[in-house]
Amino acid sequence: MKYNIAVIKGDGIGPSVVEQAMLVLDRVGEIYGHEFEYHEVLAGGCSIDEYGKPLTQETLDVCKDSDAVLLGAVGGPKWDSQPSDNRPERALLGLRKGLGLFANLRPAMIFDELADACPLKQELVEGGIDLVIVRELIGGIYFGERGSRETPMGPAAYDIEQYSEGEVRRIAKIAFDMAMKRRKKVTSVDKANVLDSSRLWRRVVEEVAQDYPEVELNHFYVDNAAMQIVRNPKQFDVILTSNLFGDILSDEASQVTGSIGMLPSASLGEGSFGMYEPIHGSAPDIAGQDKANPMATILSAAMMLRYTFGLGKEADAIENAVKHVLKDGVRTGDIAKPGEKISGTVETGRLIAEAVK
Ligand code: NAD
């Protein structure tokens, strides 16, 4: 089979980690008889440099014409002085909205080999953390009405949090479907004790739950959820939440697992199309030094094979290759213990590609 992948390498460490993911995909292609055709386009800071804006219509069109998008990361201090609507990160919002990617899936799991990278007490994580955050991605306060106005206390700015029943229903279905393939538990996170938008969220989630009698549903207020993720992370299977709360909780959950350089993500819309990217940013502090951990991007490519191309066996092969090199003691700087040998980005990618069976 031939698959078309739009590739956005982005800024900072983006290009180097994406190149390693492409190497691993090519190896999968060789072994399993698939052809991955890459269409490279710009977005983020490099697009500002080339075209004056972070996202062009051409980039969006190439993505739309592809089966999936593989993205590195965008942004960096070079573009800090850009006006807010022309910053590199705007490209991400434009891609999500333009491609209709309303669901963000962020698994957070601990690899046995890295258990001691977890900052929590061992008894809290024994037996493993394995949760996935399903975050609504193109609604809520990040896309709501915004503006400024005069108030008796001086000029004020506002952003509106709004969710429609349809927006909540479609993301809730993704979470319940995911739970059916996992341990059949959904925790919906909101702030229904204060916000009307959260009360609507909770009502619709309960309606959707009626169609999934096998799935256990509970609700947490976001402040309690933030506490429970560090207090008892093993209780979670699927966490379903809004754009704003999901942004914050998914970073918290990623830290609980040890390294930001290990965690992949998928952004999905209707149908099988998806955009796949590591959860980390462009890490300007280590860009160009062969220090970045490419595993999060490589694992994002595995998610692409599983969710967009339906290639479960091939996705397993990538995940097993990552586990294999970890077992062999391959460590980038972010996951190495003091005194351990450190592998560079390129060497790590090569070893993972070689370990694909
Ligand atoms: P970051 O994730 O880039 O870096 C945070 C820390 O983690 C840094 O110390 C970095 O060196 C380290 N790190 C990140 N990825 C790593 C990897 N693969 N291997 C080893 N170490 C890694 O977050 P930041 O510093 O807050 O942001 C830097 C830039 O990235 C900003 O411009 C920000 O807006 C942007 N950003 C982009 C995305 C995205 O493209 N999806 C996401 C988050 C941040």
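Please treat every number below as a calculation from the coordinates, not as lab data. Keep in mind the model is a prediction, meaning the values are calculated, not measured. Note: ideal-geometry Cβ built from the backbone for every residue, glycine included; neighbour counts use all protein chains shown.
Calculate, for residue 1 and residue 221, the FRET efficiency according to 1/(1 + (r/R0)^6) with r their C-beta to C-beta distance and R0 35 Å; round to the nearest 0.05.
FRET efficiency, residue 1 to residue 221: 0.15.
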Checklist line | Of all DSSP beta bridges in the chain, antiparallel share, percent nearest 5 | finding: 45 percent
Check: Given springs between every Cα pair under 10 Å in a Gaussian network model of the chain, which of 148, 188, 267 has the largest fluctuation?
Finding: 148
Check: Roughly what % of DSSP beta bridges within region 119-256 run antiparallel, to the nearest 5?
Finding: 30 percent
Margin query: What distance in nm separates the two pseudo spin-label positions at residue 116 and residue 97, each 7 Å out from Cα along the beta-carbon direction?
Written below: 4.8 nm
Notebook entry, point to check: GNM, the chain, Cα, under 10 Å: largest mean-square fluctuation among 159, 290, 130?
Noted result: 159
Checklist line | Gain in span if fully extended, residue 130 to residue 173, counting 0.36 nm per residue against the direct Cα distance | finding: 13.5 nm
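Suppose we take every Cα in region 119-256 and form the convex hull; what volume per residue is that in Å³?
120 Å³
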Margin query: Using the alpha carbons of the chain, what is the convex hull volume per residue in cubic angstrom, as a whole number?
Written below: 151 Å³
Note to self: I want to make sure I understand the PRE zone here: with the label point 7 angstrom from the Cα of residue 195 toward its beta carbon, which residues in region 233-254 have backbone N atoms less than 11 Å away?
What the structure shows: 241-248
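With runs of 4+ DSSP H residues as the only contributors, calculate the mean residue ellipticity of the chain at 222 nm using -39,500 (n - 2.57) per run, divided by the residue total and rounded to the nearest 500.
Details: 12 runs with 141 residues, N = 357.
My calculation for the chain gives -12000 deg cm²/dmol from helical runs alone.
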Check: Fewest to most neighbouring Cβ within 10 Å: what's the order for 74, 18, 41, 330?
Finding: 41, 330, 18, 74
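How charged is the neighbourhood of residue 17? Take every other residue with its Cβ under 14 Å from the Cβ of residue 17, and add Lys/Arg as +1 and Asp/Glu as -1.
Residues close to residue 17 contribute a combined charge of -3.
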Next item on the list: Work out how much length residue 252 to residue 164 would gain on full extension: take 0.36 nm times their residue separation and subtract the Cα-Cα distance, in nm to one decimal.
Entry: 29.0 nm
Notebook entry, point to check: If we count every other residue with Cβ under 11 angstrom of residue 77's Cβ, Lys/Arg +1 and Asp/Glu -1, where does the sum land?
Noted result: -2
Next item on the list: Kindly state, to the nearest 0.05, the FRET efficiency for residue 146 paired with residue 31, given R0 = 51 Å and r defined as their beta-carbon distance.
Entry: 0.55
Notebook entry, point to check: When the Kirkwood radius is taken over all Cα pairs of region 277-343, what Stokes-Einstein diffusion coefficient follows at 10 °C and 1.306 mPa s, in µm²/s?
Noted result: 121 µm²/s
Check: Residue separation times 0.36 nm, minus the C-alpha to C-alpha distance between residue 354 and residue 228: what's the value?
Finding: 41.4 nm
Notebook entry, point to check: Percent relative contact order of the chain, based on C-alpha pairs within less than 8 angstrom and at least six residues apart?
Noted result: 22 percent
Item checked: Inter-site label distance for residue 80 and residue 57 at 7 Å from Cα along Cβ, in nm -> 3.5 nm
